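Here the structure is laid out as structure tokens; the discussion comes afterwards.
The values are calculated or read from the model by the stated rules, or taken from the named source; none is laboratory data. Owing to the predicted nature of the structure, the values given are computational and were not obtained by experimental measurement. No Cβ is skipped: glycine too gets one built from the backbone with ideal geometry, and neighbour counts run over all protein chains shown.
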Amino acid sequence: MQPKQSIAATGNNLKIVSLISVGKHPQSGRVRRADQDSRAVELGMKLLDSGNPTGGDSLVVLHAGDPKEPGLRGYAGMGLNSVQVLELDPAADAVAPLGEYLQQFAPDIVLTGVRAEGGESSGMVPYQLAEKLGWPIVPRVADIISVEAGVAEVLQALPRGQRRSLKIRLPFIASIDSAAQDARQSAYGPASRAMMDIEIVDSSTDQLRENWSEAPAKKRPKRLKVIKAKTAAERFKAATAKSQSEGGKVMQNESAAEQAQAIFDLLLEEGVLR
Amino acid sequence: MIFEWLHPFLIVTALVLMVIGAVRRVNLWRAGQSDQIDLIAGLMAMPGRYLHDLHDIVERDKYMSKTHAATGGGFVLSAVLIILVHLLGIDSQILAWALMASLALMFVGALFVFKRRLNPPSRISKGPWMRLPKSLLAFACAFFVLTLPAAGVLPEGTGGVLLTLVLTGLIIWGMGELFFGMTWGGPMKHAFAGALHLAFHRRQDRFGAGRSTGLKPVDLSLAHEVGGVLGVAKPTDFKWNQLLGFDACVQCGKCEAVCPAFAAGQPLNPKKLIQDMVVGLAGGTDANYAGSAYPGKDVGNAKGGPNQIITEGLLDPETLWSCTTCRACVEECPMMIEHVDAIVDMRRYLTMEKGQTPNKGAEVLDNIIATDNPNGYAPASRTNWAADQNLPLMRDVKEAEVLFWVSDGAFDMRSQRILRAFVKLMKAANVDFAVLGDEELDCGDVARRLGDDATFQSLATRNLAVLSQYKFSKIVTTDPHAYHCLRNEYNDFGSDALNGVEVLHHTSFLNELVQQGSLKLNSFSGGKVTYHDPCYLGRYNGEYEAPRELLRSMGIEIAEMERSGFRSRCCGGGGGAPVTDIPGERRIADMRMEDVNSTGAELVAVGCQQCTAMLEGVVEPRPQVKDIAEILVDQLAEELH
Ligand code: SF4
Ligand code: SF4
């Protein structure tokens, strides 16, 4: 495999952190390892395995919340010796303590899921962390192909199985898409045996959230598409294609100011900004 | 005869070496884990177990049972008399004649062994085993001649140096095989290990017409210990009496001959598996193994030792995952070895420690853990199949004569037809029954056979907690796997929810109803019918008659397959085999359908939704496949009101 060579060759003492949250099974609502988060752990483990065989690379699997939460065991069962837990009230805001931890620990790559399976599930955590740390974020990553000389080659997942290859300078945050490699099986023995490395941290209760009531998420209604397909192939394409935004323009050569202005105009036009 | 001292000296030497060998061998077994066995009671029971339980199995092969009785009996008697006559020098013509008679018996037996080995079937191991009949003959001849003077047939001191040398040679050969080889790993090891295996068998309740088929639970507290191992990683992780059991194997290959996975060309041969376990417990390689290989794999590459991980060098995990847990091998094994338990023990390590359940295994286990059913359906949709059935729920009625255990068939459209048929029959017979509805969970069968005993135990305890809230005198289920779990494997969890409750398969229950006259049936006129025994109903639970009686009660004359009853061939659906899906050359279900076809039947009756699914998965044209409940429901005589 290609990553094996490229990463091994450089021996870059990579520090990887995979952030994990408590998942919720869509059918039963039961606590589990979250799907995307466990793919983030899988990718972290893959980078570790393919890295410098003499060691040097490290993976920390990090959670902010209750260390006794059984959902965390599902990640541990993938073969982790320990899970790092920043102990705080699960209802508290996790971004601040996570940010502080990451700032101190200074990892090269932070892997997260795209969004949590419970709670707010806003998908904001990676962005907020990126903002706090001042790092770039790559959303919806399917794979990290190589890390060489401080630059990672990353595959981003696009609709309909397409991929976009990006080169990113370390450090960065990547949110892991459901298109990434499946997480390996979680085994009961290691799951029960893994250590929870607990660090008690200060946290502030999320004031806003206290007044919210939670309800299961519903799929957003889709805009109806009028299909004018004539052939079976067209119908098939129409039925399977994800709706791609129409209109819009690609601005590559314009100056940053022009680009910003265009975005601003669009936001005004859509009523996002008033 | 010259060298008066020579032969007693040789006998003593052989016996001393035998004892040393025995101590060494026993220590190999003792490297295993402790197991609670009453040693004295076991030893006392051993002769009885030999004469009844073991003999009942050997008796299925009349030729071999007679041969073995003559050879084995003759040898044991001769050995005792040899010690009396030649070692202790008791001067008695009667003893000498008795010795000659027993040697003659042994000789005749050995001749028949020799004859069978002239053209041996492929299932039998060759190698050192081919030498055994000759060694037996040498032993019998030599001591026969040696005893002639003592019996007064020949004068003392007959024969010259030449005869003495020849005799001495034969005696060394014979005793080398029969005394020395018994404990140092020759073919005769089976006598030594076999006898002790009968005494200290891991399933003591198998004997005396018992039927112990439930797996033993894993001690899950090991999961919290640093250095603890769930399941069997190394040979020494087996219980000591399991190791002893492996050593008892005579390599007769009866297990190989009936194994559906072997026949399908999957990389499993139960005989080789047991021999590999012997390699593991003693250390070494399989280079001396002289039987059939695992299909598709060469012999000679397996290496192991008592403290080496089995699946790293000794066994390919695929071998373990090929097994359907059909227990055909266990049923046939004359040494009463427990292959399936060993296989599941090793699977437990792969699943619970390594997380290496192959193919769909991991997904199925994840689903069971998250939703209590293998396909990950919403737990609240478990009773959707019965939306039109108006079934009483236990939650509402609290009490019923019969609790109908629906099983995961509830989620499968084909199985739902069986469930509906059974409900209709119960209604027609005015049975007072209720179901658990969404409170029922997967019974844990698949999780357990896939090695996830943690999940099995979790399901079992939660199911038992639900069951303990209600009152009923019978549980009836259409699923033999659930039936087996409820009946035989839920007892280990200290719950009294099933105390005094009769657990029944629907065919047994329906048969009761028909015999009582609660169900009136028209006679069947749909052509030739055969019946396929589900492994978990037949071999696991001994129910062969009820389904047949039901069929006969509709006037069906069953066209039996060659392999039926306790010899029934698996459909390929057990033990999670369809989930782990190890490739072979043929599909087990196809072979079973060939069995069906050779009876000329147009309909194959089954008593299991898994068998139904497997057999219906065979490409058409093929006979129809129907559960007995479905056949019955079609013959239900409508009452006129
Ligand atoms: S395991 Fe049993 S049936 Fe199989 S070869 Fe050995 S003794 Fe024979
Ligand atoms: S249980 Fe069945 S499939 Fe498994 S080894 Fe025995 S005969 Fe073969």
Exercise. Just a yes or no: is a residue in the stretch B:209-224 within 16 Å of ligand 1 (Cβ to nearest atom) and either in contact with an Asp or Glu (Cβ under 6 Å, 6 or more places away or on another chain) or touching a residue at least 40 places away in the same chain (Cβ under 8 Å) (or both)?
Worked result: no
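Residue by residue, here is whether (1) touching a Cys at 6+ places or on another chain (Cβ under 7 Å); (2) within 16 Å of ligand 1 (Cβ to nearest atom); (3) outside the structural domain of B:PRO260 (by TED's automatic domain parsing); (4) of a type in the set (Phe, Trp, Tyr) holds:
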{"residue": "B:CYS333", "(1), (2), (3), (4)": "yes, yes, no, no"}
{"residue": "B:ASN359", "(1), (2), (3), (4)": "no, no, yes, no"}
{"residue": "B:ARG382", "(1), (2), (3), (4)": "no, no, yes, no"}
{"residue": "B:ASP388", "(1), (2), (3), (4)": "no, no, yes, no"}
{"residue": "B:SER407", "(1), (2), (3), (4)": "yes, no, yes, no"}
{"residue": "B:ASP412", "(1), (2), (3), (4)": "no, no, yes, no"}
Seminar exercise, completed: (1) assigned to a helix (DSSP H, G or I); (2) at pLDDT below 95; (3) under 22 Å from B:SER65 (Cα atoms) all hold for B:ASP205 apart from (3)
Exercise. Any chance the stretch B:313-324 includes a residue that's surrounded by fewer than 20 Cβ atoms within 10 Å (Cβ to Cβ) and either modelled with pLDDT under 95 or in the same structural domain as B:GLU585 (by TED's automatic domain parsing) (or both)?
Worked result: yes
Exercise. From the residues in the stretch B:359-377 that are part of a loop (DSSP other than H, G, I, E, B) and of a type in the set (D, E, K, R), which one is nearest to the other protein chains (Cβ to nearest Cβ)?
Worked result: B:ASP372
Problem set entry | All positions within the stretch B:232-247 that are among the small types (Gly, Ala, Ser) and closer than 13 Å to B:LEU273 by Cα | B:GLY245
For this session: Go through the stretch A:69-91 and count every residue that is in a loop (DSSP other than H, G, I, E, B) and either within 14 Å of chain B (Cβ to nearest Cβ) or β-branched (Val, Ile, Thr) (or both).
Result: 6
Seminar exercise, completed: Of B:ASP219, B:ASP205, B:ASP247, the only residue that is under 23 Å from B:ARG49 (Cα atoms), surrounded by fewer than 24 Cβ atoms within 10 Å (Cβ to Cβ) and among the acidic types (Asp, Glu) is B:ASP205
For this session: Output the number of the condition that A:LEU59 fails; it satisfies all remaining conditions of (1) under 27 Å from A:ALA149 (Cα atoms); (2) within 15 Å of the chain's Cα centre (by Cα); (3) part of a strand (DSSP E or B).
Result: (2)
Exercise. What are the residues in the stretch B:32-58 that are more than 18 Å from B:ILE337 (Cβ to Cβ) and part of a loop (DSSP other than H, G, I, E, B), if any?
Worked result: B:SER34, B:GLN36, B:ASP38
For this session: Within the stretch A:182-222, track down each residue that is away from chain B (no Cβ under 14 Å), touching a residue at least 40 places away in the same chain (Cβ under 8 Å), outside any loop (DSSP other than H, G, I, E, B) and among the aliphatic types (A, V, I, L, M).
Result: A:ILE198, A:ILE200
Exercise. Residues B:ALA223, B:ALA199: which one is under 26 Å from B:ARG25 (Cα atoms) and assigned to a helix (DSSP H, G or I)?
Worked result: B:ALA199
Seminar exercise, completed: B:ARG395: passes all of (1) surrounded by fewer than 22 Cβ atoms within 10 Å (Cβ to Cβ); (2) away from chain A (no Cβ under 14 Å); (3) at positive phi but (3)
Problem set entry | Residue list for the stretch B:242-272, restricted to those being within 8 Å of ligand 1 (Cβ to nearest atom) and not β-branched (Val, Ile, Thr) | B:ALA248, B:CYS249, B:GLN251, B:CYS252, B:GLY253, B:LYS254, B:CYS255, B:GLU256, B:PRO270, B:LYS271
Exercise. In this structure, does B:CYS259 turn out to be assigned by TED's automatic domain parsing to the domain that holds B:ASN288, closer than 30 Å to B:THR13 by Cβ and not small (Gly, Ala, Ser)?
Worked result: no
For this session: Pull up the stretch B:226-254, narrow it to residues that are in contact with a His (Cβ under 6 Å, 6 or more places away or on another chain) and outside any helix (DSSP H, G or I), then point me to the one that is farthest from the other protein chains (Cβ to nearest Cβ).
Result: B:VAL250
For this session: Kindly provide the set of residues from the stretch B:257-292 that are more than 15 Å from ligand 2 (Cβ to nearest atom) and either assigned to a loop (DSSP other than H, G, I, E, B) or within 14 Å of chain A (Cβ to nearest Cβ) (or both), ordered by number.
Result: B:GLY283, B:ASP286, B:ALA287, B:ASN288, B:TYR289, B:ALA290
Seminar exercise, completed: Across (1) within 30 Å of B:ASN375 (Cβ to Cβ); (2) within 16 Å of ligand 1 (Cβ to nearest atom), B:MET593 clears everything bar (2)
Exercise. What about B:GLN356, is it among the polar types (S, T, N, Q), away from every other protein chain (no Cβ under 11 Å) and either without any contact (Cβ under 8 Å) to a residue 40 or more places away in the chain or in a loop (DSSP other than H, G, I, E, B) (or both)?
Worked result: no
Exercise. Is it true that some residue in the stretch B:247-255 is within 11 Å of ligand 2 (Cβ to nearest atom), within 20 Å of the chain's Cα centre (by Cα) and under 19 Å from B:ILE582 (Cβ atoms)?
Worked result: yes
Exercise. So which helices (runs of 4 or more DSSP H) stay within the stretch B:524-641 end to end and still have 3 or more residues that are charged (D, E, K, R) and closer than 20 Å to B:PHE262 by Cα?
Worked result: B:588-597
Problem set entry | Test for B:THR324: is it without any contact (Cβ under 8 Å) to a residue 60 or more places away in the chain, away from ligand 1 (no atom under 11 Å from the Cβ) and either closer than 20 Å to B:GLY574 by Cβ or out of contact with any Ser or Thr (no Cβ under 9 Å at 6 or more places or on another chain) (or both) | no
Problem set entry | Condition met for A:LEU166 (part of a helix (DSSP H, G or I), within 22 Å of the chain's Cα centre (by Cα) and away from every other protein chain (no Cβ under 14 Å)) | no
Exercise. Are any of the residues in the stretch B:420-436 surrounded by fewer than 24 Cβ atoms within 10 Å (Cβ to Cβ), within 14 Å of another protein chain (Cβ to nearest Cβ) and in a helix (DSSP H, G or I)?
Worked result: no
For this session: Report yes if some residue within the stretch B:297-319 is within 16 Å of ligand 1 (Cβ to nearest atom), more than 14 Å from chain A (Cβ to nearest Cβ) and in contact with a Pro (Cβ under 8 Å, 6 or more places away or on another chain); otherwise report no.
Result: yes
For this session: Could you please give the count of residues in the stretch B:96-131 that are buried (at least 19 other Cβ atoms within 10 Å of the Cβ), in contact (Cβ under 8 Å) with a residue 40 or more places away in the chain and over 31 Å from the mean Cα position of the chain (by Cα)?
Result: 4
Problem set entry | Residues of the stretch B:318-343 classified as more than 8 Å from ligand 2 (Cβ to nearest atom), of a type outside the set (D, E, K, R) and within 12 Å of the chain's Cα centre (by Cα), total | 6
